[in-house]
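The values are calculated or read from the model by the stated rules, or taken from the named source; none is laboratory data. As the structure is a computational prediction, the values presented were derived from the model and not from experiment. Methodologically, a virtual Cβ is constructed for each residue, glycine included, from the backbone with ideal geometry; neighbour enumeration extends over all protein chains shown. What goes into the accessible areas is simple: the full protein's heavy atoms, side chains included, and nothing from ligands, DNA or RNA. Shrake-Rupley method; radii C 1.70, N 1.55, O 1.52, S 1.80 Å.
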Amino acid sequence: MLLAYIDEVGEPGAFVSRTDARYNTSPAFGYAGFVISESAARRMGEVFTFKKRQLFASEIELASHPGRWERKGSELLRPDTPQRFPQHIRVLNFLFKTLTALGGTLFYYAEEKKIGTPRQTELDPVQRETDVMGQTLNRLCRYADASDQNLLVMIDQVNEKTRAERLPTMYGHILGRAAMYPEMKRIVEPPMHIDSVLSANIQFADWVAATVSRAVDNQLIRESRYPWANYRDGFKAIRGAFTRESKLFLRNRSIEHLHHSELFQVERPLFPRAAGQLLQDQVDPAVFRRIKAAAERARSRDGGS
């Protein structure tokens with residue numbers, strides 16, 4: 001059996017820009033983590049725990065409950081991490097290599113958000129969560145089926161109200177899709193929610209999700225705070241470490257979606273260095289969004305031609 005540990009990439013709310021006073025968090029939303037055989041899962045957790053305790057020895061020693069101490073991925077990978085804490089990236093590369101050596105693989109699925117406020121984009125964050133989780137489960141099941149393995153998915157714990165709301169939806173998606181897509185039968189239960197302080201592998205999934213979120217930021221935002229989030233400058237061990245089903249879905253772009261390790265490539269397809277100035281380089285971002293919205297309304301009036 002395969003075990004998949006996943007966590008959120010970004011959050012499901014609206015996004016306008018990094019400089020917007022309110023909607024500035026993440027340009028995409030999704031899930032990321034890793035998949036590993038049940039026989040190797042314990043070993044991966046042991047290695048993660050050893051490296052975490054080695055990396056944060058002084059802080060763990062002062063903790064009230066050292067065994068429950070954790071460092072969130074959002075705190076692990078900051079814009080200045082390569083300069084101030086290069087050891088964080090070295091440890092991540094070591095963990096990625098260990099995962100590969102144990103037969104595991106990294107995974108992500110994320111969708112670029114439509115730029116604008118909730119009103120402008122008619123945002124339904126619950127529906128976004130539902131759709132992205134559905135795609136995540138589809139792709140994990142496809143990977144499990146190709147490996148001829150059953151699958152159990154685990155995700156970081158949420159509050160009981162949210163868990164109760166999500167569970168029927170996820171269960172209905174799995175059962176409803178299984179009739180036409182037999183690979184969905186590979187998943188033995190809807191995703192199980194586990195408290196991260198009790199699971200080293202859930203904590204590692206959080207670090208993976210943070211790593212993916214930095215690469216997403218670098219690919220989708222021209223002036224990204226994470227230009228080092230690639231397999232040359234930062235995550236050297238990540239190239240070739242993802243499932244073929246991993247994907248960043250690009251919204252209304254003229255280029256292909258990004259798959260598996262392409263997310264971490266040095267060149268950024270949306271911002272080619274030799275392409276010259278584009279329209280969005282020449283005008284204020286808010287003005288460009290209004291121009292784009294007007295063009296989309298015009299296409300709608302003309303029947304989409």
- Please work out which residue is farthest from Glu112 (Cα to Cα), limiting yourself to the range 210-251 and to residues that are among the polar types (S, T, N, Q) and touching a Lys or Arg at 6+ places or on another chain (Cβ under 8 Å). Thr243
- Message: Looking only at the range 117-150, count every residue that is over 17 Å from Phe242 (Cα atoms), open to solvent by less than 70 Å² (accessible area, probe 1.4 Å) and among the aliphatic types (A, V, I, L, M) and tell me the total.
- Response: 3
- Query: Quick one: is Phe85 of a type outside the set (Asp, Glu) and in contact (Cβ under 8 Å) with a residue 60 or more places away in the chain?
  - Reply: no
- Thr100, sole failed condition from (1) open to solvent by less than 60 Å² (accessible area, probe 1.4 Å); (2) at pLDDT 95 or above: (1)
- Under 7 Å between Cβ atoms, at least 6 apart or on separate chains: pull out the pairs that start in the range 177-189 with a residue that is assigned to a loop (DSSP other than H, G, I, E, B) and end on any residue that is open to solvent by less than 80 Å² (accessible area, probe 1.4 Å) and of a type outside the set (Ser, Thr, Tyr). Val188/Asn150; Val188/Leu151; Val188/Leu152; Glu189/Leu152
- All but one of (1) farther than 20 Å from Arg225 by Cβ; (2) surrounded by 12 or more Cβ atoms within 10 Å (Cβ to Cβ) hold for Ser64; which doesn't? (2)
- Please indicate, with yes or no, whether at least one residue in the range 91-98 is of a type in the set (A, V, I, L, M), outside any strand (DSSP E or B) and within 27 Å of Met192 (Cα to Cα). yes
- Query: For the range 1-79, which fully contained helices (runs of 4 or more DSSP H) count at least 2 residues that are polar (S, T, N, Q)?
  - Reply: 38-55
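Just for the range 22-49: of the residues that are within 17 Å of Ser224 (Cα to Cα) and not β-branched (Val, Ile, Thr), which one is surrounded by the fewest Cβ atoms within 10 Å (Cβ to Cβ)?
Just the residues of the range 22-49 that are within 17 Å of Ser224 (Cα to Cα), to begin with: 23-29.
Checking which are not β-branched (Val, Ile, Thr) leaves us with 23-24, 26-29.
Values: Tyr23: 20, Asn24: 14, Ser26: 22, Pro27: 22, Ala28: 22, Phe29: 25.
Step by step, filter the range 22-49, then rank; the result is Asn24.
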- Task: Any chance you could count how many residues in the range 34-77 are among the aliphatic types (A, V, I, L, M) and free of Cβ contacts under 8 Å to residues at least 40 places away in the same chain?
- Result: 5
